[in-house]
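Below: one structure, written as structure tokens.
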Amino acid sequence: MLEFCHVNINCGLVPVLDDISVTFQKGRITTVIGPNGCGKTTLLQCLNGSSKVTSGRILLDGEDYLAMPLRERARNLSFLPQVRTIIPTLPVRTLVEHGRFPHLGFARRKTGQDIAIVENAMALAHVAPYAEQCADTLSGGIRQRAFFAMTLAQDCDYIVLDEPTTYLDLSGQRAFMEMILQLKKQGRTVILVLHDIGQALRISDRLVIMQDRKIAAASTPKECLQQHIIEDVFDVRIKEFSDGEGCYYFFD
Amino acid sequence: MRKKISFLVLLLILCLFSGILLGSVPLSPVRVLRCLIGLDRDSTTYILVSTVRMPRAAGACLAGMGLAASGVILQSVMNNSLASPNTIGVNSGAGFAVMLTLMLGGSYTSAVPAAAFAGALTTTLVIFGLAYMADSSRTTIILAGITVSSFLSAGINTIKLLDTDIAVNLTTFMIGSLSGITFDALKFPAAAIIAALLLSCLLTKPLNILGLGDDVARSLGLNVLLVRMILLVLSSVLSGCVVSYAGLLSFVGLIVPHICRRLFGSDARYLLPCSALLGASFVLVCDILGRVLFAPFELPAGVLMSFIGGPFFLYLLFKKKGGRRVNA
């Protein structure tokens, strides 16, 4: 369980989030949604130190997360940031192997087990065929999946992905959602930021809805729909259709 | 990869030997070899080899290694493919410090390299601070570098004009030259350069992680600020010590890492040692050409470097225009 207790967060020197308390349950998929600029990314970025927590505590399975050494944090929780302006000129396999850095550190050499984890991560993210190609020669979608594989290679129980579907086409998004469900089956905790509310409603066990730098609601998708929270926050009307395969949501 | 590295080592050995063999006074290879293994200690060849040619070749070798390695580090740390000790003004910072120390009467052996390092580090930190505060693009960093660089060059010129007795030939210092190096003057910078090279070879893994960008590096549990500071200090030691005895050699720190990126990829575990090896060979070749082409007149190594390096840099810029830009 990942708990934020009365957390205040600065981005640079500017206070952005004030007194945030929210809980992400273990083994579930939780999606953070909210209008642009509501502080979703800032909230999650304090997990890798890109935004600074000025007061309050973050507990990971009851332990003080912020007191952990950086490398230990990265062994427990992997975080894939949102926008990457830097495109490494590395083969995909090398990039994915970098995901083992928190486990290997400066000196230890990779073992058979590390190589197996890297291979599994590439297979799960469907980038194994591109293993020897340089990341800068690949399309945005495949590159995104290569970074995703790197995050998987960290082999953490908690996986945080900030807008992972941005660069993906429709079939890529569908494949991605299946990967997320697989991770859940493995018993991992997944925390997402998504812009596609329909997707968020379908895949998530719980939603955290943010508005104006506050947590507006944290509940199951069903309850959020029943209480019309999404409609209020995003100023839309939701129409729900269902057939044998599942539910579909339309926004007006 | 092993083949390519052994080729670079062989190339360097060949260049070192040619550096000792070739020059305005031609020497016979057999005699030089005999001198190198310690025979003929009284011959003129021995004196020439041990007091002139050998320190010069060693100086060129270390200059190339230091500048190329410094370039690799700066490019990764700043995530900027145009960064190098020259383009971001680090060399000028070191040069300014050298001139200032000489004006104040510092001795060549220890004070000058230390001052050069301090100058290089200060400039690096200023440029990096500017880039960090402005959260700026790679162009801004280069522009800031050019500005700082010309500011410091003005300082160098002022010192020279104020103190005409200064023990440095300004023209050769600004261009970069390896003539007149002695083992005594090389002692301290050489030790520092070798130590910094070994240390940076130990840090290639974090250097790779840093090359992925700050956000990703942090997510992988790297202490971004600490590692970056250590690497910036190392790159300042490398380029500062070179400037202290060779002057403002340009282009090595920019071009050699680029060639090596093409040949060996961006993985710093290979890129750093390969760049150091190739950089050493490159400076040696330029120095040899400068001595041989118009003998008995001598061109400073820096002149040849600019002649070769300038067009090559343009080639890099234009070649990339059509394709994807390398951004690491």
Among the residues that make up region A:162-178, is at least one of them of a type in the set (D, E, K, R) and in contact with a Gly (Cβ under 7 Å, 6 or more places away or on another chain)? yes
One residue is enough: does region A:96-107 have a residue meeting the conditions of a type in the set (Lys, Arg) and within 17 Å of the chain's Cα centre (by Cα)? no
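Report, by residue number, each residue of region A:169-185 that is among the polar types (S, T, N, Q) and either in contact with a Cys (Cβ under 9 Å, 6 or more places away or on another chain) or modelled with pLDDT under 90 (or both).
Once the filter is applied, which keeps residues that are among the polar types (S, T, N, Q) and either in contact with a Cys (Cβ under 9 Å, 6 or more places away or on another chain) or modelled with pLDDT under 90 (or both), region A:169-185 yields A:Ser171, A:Gln173.
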Scan region A:202-252 residue by residue and report those that are free of Cβ contacts under 8 Å to residues at least 60 places away in the same chain, hydrophobic (A, V, I, L, M, F, W, C) and over 22 Å from A:Glu3 (Cα atoms). A:Leu225, A:Ile229, A:Val236, A:Ile238, A:Phe241, A:Cys247, A:Phe250, A:Phe251
Among A:Ala123, A:Ala153, A:Ala116, the single one that is under 25 Å from A:Ser171 (Cα atoms) and surrounded by fewer than 19 Cβ atoms within 10 Å (Cβ to Cβ) is A:Ala123
So, in region B:172-206, how many residues would count as being assigned to a loop (DSSP other than H, G, I, E, B) and farther than 21 Å from B:Gly95 by Cα? 1
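Can you tell me how many residues within region B:174-214 are touching an Asp or Glu at 6+ places or on another chain (Cβ under 9 Å) and either over 23 Å from B:Gly302 (Cβ atoms) or within 14 Å of another protein chain (Cβ to nearest Cβ) (or both)?
Residues of region B:174-214 that are touching an Asp or Glu at 6+ places or on another chain (Cβ under 9 Å), as a first pass: B:177-179, B:204, B:208.
Okay, now just the ones that are also either over 23 Å from B:Gly302 (Cβ atoms) or within 14 Å of another protein chain (Cβ to nearest Cβ) (or both), so B:204, B:208.
So the count comes out to 2.
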Just to be sure, is A:Asp114 more than 19 Å from the chain's Cα centre (by Cα), more than 14 Å from chain B (Cβ to nearest Cβ) and of a type in the set (Asp, Glu)? no
So which residues in region A:31-45 are more than 14 Å from chain B (Cβ to nearest Cβ) and of a type in the set (A, V, I, L, M, F, W, C)? A:Val32, A:Ile33, A:Cys38, A:Leu43
Applying the selection to region B:234-255, what residues are farther than 19 Å from B:Thr124 by Cβ and not aromatic (Phe, Trp, Tyr)? B:Ile255
Filter result for A:Glu163 (within 14 Å of another protein chain (Cβ to nearest Cβ) and charged (D, E, K, R)): yes
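Every residue, every condition in (1) facing chain B (nearest Cβ under 10 Å); (2) buried (at least 22 other Cβ atoms within 10 Å of the Cβ); (3) among the small types (Gly, Ala, Ser), yes or no:
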| residue | (1), (2), (3) |
| --- | --- |
| A:Ser51 | no, no, yes |
| A:Leu59 | no, no, no |
| A:Glu72 | yes, no, no |
| A:Leu90 | yes, yes, no |
| A:Gly99 | yes, yes, yes |
Hits in region B:183-203 - residues which are modelled with pLDDT of 90 or more and crowded, with 16+ Cβ neighbours inside 10 Å: B:Ala190, B:Ala192, B:Ile193, B:Ala196, B:Leu197, B:Ser200, B:Leu203
Taking the options B:Val252, B:Val233, name whichever one is surrounded by fewer than 20 Cβ atoms within 10 Å (Cβ to Cβ) and within 20 Å of the chain's Cα centre (by Cα). B:Val233
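The values are calculated or read from the model by the stated rules, or taken from the named source; none is laboratory data. Treat the numbers as computed from the prediction; the structure is a model and nothing was measured. Because the Cβ atoms are built from the backbone with ideal geometry, glycine has one as well, and the counts that use them run over all protein chains shown.
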